[in-house]
Amino acid sequence: MPRPTTSSIPPLPPLPFTPDHPLRTERLDLRPVRHDDFDAVYTYRRRPEVSRYLYGSPHDEAACRAWIADKATRTTLRESGDYLQFAVVVRETDTLVGDVTFVYTRREHRQGGIGYVFNPDHAGHGYATEAARALLGLGFEELGLHRIQAELDGRNTASARLLERLGMRREGHLRENEFLDGEWSDEVIYAMLAREWREQREQREQRPAS
Ligand SMILES: CC(C)(COP(=O)(O)OP(=O)(O)OC[C@H]1O[C@@H](n2cnc3c(N)ncnc32)[C@H](O)[C@@H]1OP(=O)(O)O)[C@@H](O)C(=O)NCCC(=O)NCCS
């Protein structure tokens, strides 16, 4: 297939850009973080196993309140480098199960990034995969991005499985490029292109409903 020429690339949406909240998936609502989310967020962000492969320590109460105060403001993209933060809520039970981040990395190159942190008590239901797929949809369908990336610690196998479920491609493995918690660690990079997203979407649409 010929590579798209510049003239075939659709215009970028104007900034500032605020998504229609909530982003709805089959089971989830992705909405802005609120101050009254503190209890639900602190429950998992205080746990060492949750922050094991994240930058920074497990939250104490003050860190979690500061995190919420900052993230509650991350609802609009104004320029490259801005990000959107969402609380992920199971619609049926109104339970906050995690949070996800969409990064508008470089507007001129149409690049974005995703991140996700979930409460282990709600693991194993596919919620993180479903929420992350909504972020890919936002980036490719609404923001006209060309490529979306995720970076993770090479030891974070749960995160790698999630990205593979999404159909993202393992693009890079950087050997010992970070020094975390007193040891060298590898960084792994996954990504997806807009045309790969469209191919997957077509396959999903062709699949008979179960
Ligand atoms: C990374 C993280 C979000 C993955 O959580 P998770 O619970 O494994 O992911 P999901 O919610 O998508 O659930 C997937 C699991 O549910 C199962 N599952 C059940 N129903 C499912 C469904 N409808 N759709 C998809 N998966 C489903 C999958 O088989 C999978 O199980 P497996 O891990 O045994 O293969 C979680 O481990 C986490 O928050 N870690 C701490 C923070 C972190 O490291 N973040 C990433 C930084 S790069």
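The values are calculated or read from the model by the stated rules, or taken from the named source; none is laboratory data. Since the structure is predicted, the reported quantities are computational estimates derived from the model, not experimental observations. A quick note on method: Cβ atoms are made from the backbone with ideal geometry, for glycine too, and the neighbour counts reach across all protein chains shown. The area values use the complete protein model at the heavy-atom level, side chains included, leaving out ligands, DNA and RNA. Shrake-Rupley method; radii C 1.70, N 1.55, O 1.52, S 1.80 Å.
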I'd like to verify a number: residues in the range 92-118 that are more than 14 Å from the ligand (Cβ to nearest atom) and of a type in the set (Val, Ile, Thr), how many? 2
All helices (runs of 4 or more DSSP H) inside the range 1-115 with 1 or more residues being at pLDDT 95 or above and under 22 Å from residue 138 (Cβ atoms): 38-45, 61-71
Residue ranges of helices (runs of 4 or more DSSP H) in the range 119-210 with at least 1 members crowded, with 16+ Cβ neighbours inside 10 Å and more than 9 Å from the ligand (Cβ to nearest atom): 127-137, 194-206
Pairs only if they're at least six apart or on different chains, beta carbon under 6 angstrom, first in the range 118-147 and in contact (Cβ under 8 Å) with a residue 24 or more places away in the chain and among the polar types (S, T, N, Q), second within 16 Å of the ligand (Cβ to nearest atom) and assigned to a helix (DSSP H, G or I); list them, first residue then second. 119/44; 129/162; 129/165
With the structure loaded, tell me whether residue 62 is in contact with a Pro (Cβ under 7 Å, 6 or more places away or on another chain), aliphatic (A, V, I, L, M) and open to solvent by 20 Å² or more (accessible area, probe 1.4 Å) or whether it fails that test. no
Within the range 8-40, restricting attention to residues that are touching a strand residue (DSSP E or B) at 6+ places or on another chain (Cβ under 7 Å) and within 13 Å of the ligand (Cβ to nearest atom), which residue is farthest from residue 103 (Cα to Cα)? 27
Tell me whether the range 160-183 contains one or more residues that are within 19 Å of residue 88 (Cβ to Cβ) and without any contact (Cβ under 8 Å) to a residue 12 or more places away in the chain. yes
